[in-house]
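**Q** I have a structure here, written as C-alpha cells, and I will follow up with some questions on it.
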Amino acid sequence: MELHLPAGLTHRPLTLADAPVVLGLIAAEEVHDLGESSMTLEDVEADWARPSYDIASSTVGVLEGDRLIAYADLSTPTVAYTAVLPEEQGRGIGTALAAWLQARARSAGADRVGTQVPQDSAADRLMRDLGYELVWTAWDLELPPETEIAARPLPAGFALADAGPDDFADAWTLLEDAFLEWADRDRQSFDDFGARVWERPGYEPWNLRLVRDARGELVGATHVHLSGSGDGSVSAYVAKVAVRLDHRGRGLAPAMLVDAFGAARAHGATRSYLSTDTRAGARGLYERVGMVVTSTWVNRSKRL
C-alpha cells in the first residue's frame, strides 16, 4: 500500500521486535493527552500474537532516519490503531496514516474503519475533520487505591474458582456470547481469543475466574491481568466481566468485580481499572462498586 508522507520520512512494515518502540509511541501520546498511560508491552504482544493476524501486511511504521516516530495497525478489517509522537504531530503524518488504513481496510473487504481515541485529543480533532463519525463514547474507570473493598458474597448456590485448561472453550463461548449482544463485530476465533487471555504473556490461573451454579453450569467469567509502571507500582485491568443472560439481575456481577479487585490486591496491585462504553450500559454497575471515571474516549468510524 502506498503511504504518502512528508519529505524526509520513510516507512516500512513493523516486526515483533518493534513492539517496545510501538509501546513507547502509544504511551507518549496517552501521557500527552491524559497525563498517564495504561498500555503495556503485553497488550501489544498479545494482540500481535493472534493466529489470524499478519503483522507484515497489517502495520506500517513511519521513520525519520532510524527513529520510529509513528505507526498504524489495522488490527481487524474494521478496527485500527495509530500513534504519532506528540512533538511530530501537525506534519501531516496522521492524515497519511488515515489514508493508508482506509485503503488497507478496503482491500480487506471492509466497508468502514474506525478507532477509539481520547475525547478532544489531536487524534479526535483530526478524525472529525477527516469525516469520521462519532459511534459511541467510552470511559476508563478506576477503583481508587484508598477505596475499601466491601464484601460482596455470591448468592447461595454459586461458586467462584480459577479456570483450568478444560474450562477455556466454555469461557470463550460465554464471554463472546455476552459481548456480541452489543458489539458490532465478528466472533473472535477460539485461538485469537486465547492469544489475548490464557496465552497472554504473564498469564496465571487466577487471571480467569469462573462462576458456576449449583449444577456446575458456567454462568459468569472475569478476566483480569496485572501491569507494572515506571514508578514500580502494579495495576490491575479487568479486561472482561460477563454474566450469562439468564442469570443477570441476581447480584453475580458485583460479587465478581469485588472478587477481581481483591485477587488483584492480593497479587500486589494498588490500582484496579477497566473500560466500558455506551453500548454496554454497565457504567452504573461499576460506579456502584466504588469506581470513578478517569478519562473519556470516543469511537469514530468512517464509511469507505
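The values are calculated or read from the model by the stated rules, or taken from the named source; none is laboratory data. From a predicted model like this one, the values you see are computed outputs, not experimental measurements. Here the Cβ positions follow ideal geometry from the backbone for every residue, glycine too, while neighbour counts run over all protein chains shown.
**Q** Restricting to the stretch 274-304, what's the tally of residues that are within 17 Å of Gln119 (Cβ to Cβ) and surrounded by 15 or more Cβ atoms within 10 Å (Cβ to Cβ)? Explain how you work it out, then say what you get.
**A** Kept after step one, since they are within 17 Å of Gln119 (Cβ to Cβ), are these residues of the stretch 274-304: 275-279, 283, 292-301.
This time we only want the ones that are surrounded by 15 or more Cβ atoms within 10 Å (Cβ to Cβ), so: 275-277, 279, 283, 294-295, 297-301.
The total comes to 12.
**Q** Moving on. Can you find even one residue in the stretch 34-54 that is in contact with a strand residue (DSSP E or B) (Cβ under 7 Å, 6 or more places away or on another chain) and of a type in the set (A, V, I, L, M, F, W, C)?
**A** The answer is yes, given that some residue of the stretch 34-54 is in contact with a strand residue (DSSP E or B) (Cβ under 7 Å, 6 or more places away or on another chain) and of a type in the set (A, V, I, L, M, F, W, C).
**Q** Looking only at the stretch 138-164, how many residues end up being part of a strand (DSSP E or B) and either buried (at least 16 other Cβ atoms within 10 Å of the Cβ) or free of Cβ contacts under 8 Å to residues at least 12 places away in the same chain (or both)?
**A** 7
**Q** Out of everything in the stretch 270-304 that is at pLDDT 90 or above and among the charged types (D, E, K, R), what residue ends up being farthest from Met127 (Cα to Cα)?
**A** Once the filter is applied, the top-ranked residue is Glu287.
**Q** Report yes if Asp170 is in the same structural domain as Pro86 (by TED's automatic domain parsing), within 27 Å of Ala282 (Cα to Cα) and free of Cβ contacts under 8 Å to residues at least 60 places away in the same chain, otherwise no.
**A** No: the conditions fail for Asp170.
**Q** If I filter the stretch 220-227 for residues that are over 18 Å from the mean Cα position of the chain (by Cα), of a type outside the set (Lys, Arg) and at pLDDT 95 or above, do I get at least one hit?
**A** Scanning the stretch 220-227, I find at least one residue that is over 18 Å from the mean Cα position of the chain (by Cα), of a type outside the set (Lys, Arg) and at pLDDT 95 or above, so the answer is yes.
**Q** Can you name every one of the helices (runs of 4 or more DSSP H) wholly within the stretch 13-111 that holds 2 or more residues which are over 24 Å from Asp192 (Cβ atoms) and touching a residue at least 12 places away in the same chain (Cβ under 8 Å)? Please lay out each step first, then the result.
**A** Details: elements: 19-34, 41-48, 55-58, 93-107.
Qualifying helices (runs of 4 or more DSSP H): 19-34, 93-107.
**Q** Shifting gears a bit: Might you check whether a residue that is in contact (Cβ under 8 Å) with a residue 24 or more places away in the chain and on the phi > 0 side of the Ramachandran plot occurs anywhere in the stretch 244-252?
**A** For the stretch 244-252, residues in contact (Cβ under 8 Å) with a residue 24 or more places away in the chain and on the phi > 0 side of the Ramachandran plot: present.
**Q** State which residue is nearest to the chain's Cα centre (by Cα) when the search covers only the stretch 165-203 and only residues that are under 18 Å from Thr78 (Cβ atoms) and part of a helix (DSSP H, G or I).
**A** Out of the qualifying residues, it is Arg196.
**Q** Pairs needed: first member in the stretch 200-227, free of Cβ contacts under 8 Å to residues at least 60 places away in the same chain and not assigned by TED's automatic domain parsing to the domain that holds Ala159; second member anywhere, hydroxyl-bearing (Ser, Thr, Tyr) and in a strand (DSSP E or B); C-beta distance under 8 Å; at least 6 residues apart or different chains.
**A** Matching pairs, first to second residue: none at all.
**Q** Also, quick follow-up: Taking the stretch 118-135 as the region of interest, how many residues are under 12 Å from Ser301 (Cβ atoms) and not charged (D, E, K, R)?
**A** 6
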